[in-house]
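Only one structure is covered here, and it is reproduced in the block below.
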Amino acid sequence: MSGDVRVRAPRLDGSTITTTSGDVQVAAAFAAGARHTMASVSGDIDLETDSPVRVETHSLTGDIKVEGTHRTEGGRGNRT
């Protein structure tokens with residue numbers, strides 16, 4: 001599963017995005033109460049949202065960047 005994933009949408013009602021060596025870029029509002037998960041083994045995860053939701057992101061060697069009001073929890077390679 002190599003390749004970059006780019007999503008730009010008004011709203012996502014639920015999402016699961018996974019890559020092995022690609023970058024993940026998402027710019028969208030996230031539906032409250034829905035599950036949103038993003039994972040990449042060696043790619044970067046770039047998330048842009050103003051939604052007050054919890055999003056799980058995982059990356060072993062990539063960077064995780066979130067734009068918008070958020071709180072970061074977790075340890076190396078595992079952020080929520």
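What the table below lists for this structure:
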| item | result |
| --- | --- |
| The range 25-52 residues near the modelled S2 label - backbone nitrogen below 17 Å, point 7 Å along Cα→Cβ | 40-44 |
| Long-range amide H partners of V7 with built H, under 5 Å | Q25, V26, A27 |
| Amide H contacts under 5 Å for T18, placed H, 5+ residues apart | A39 |
| Full-extension gain in nm, A34 to T20, via 0.36 nm per residue minus C-alpha separation | 2.6 nm |
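Since every read-out is calculated from the coordinates, none of them should be taken as a lab result. Computed from a predicted structure; not experimentally measured. We place every Cβ from the backbone using ideal geometry, glycine too, and count neighbours over all the protein chains shown.
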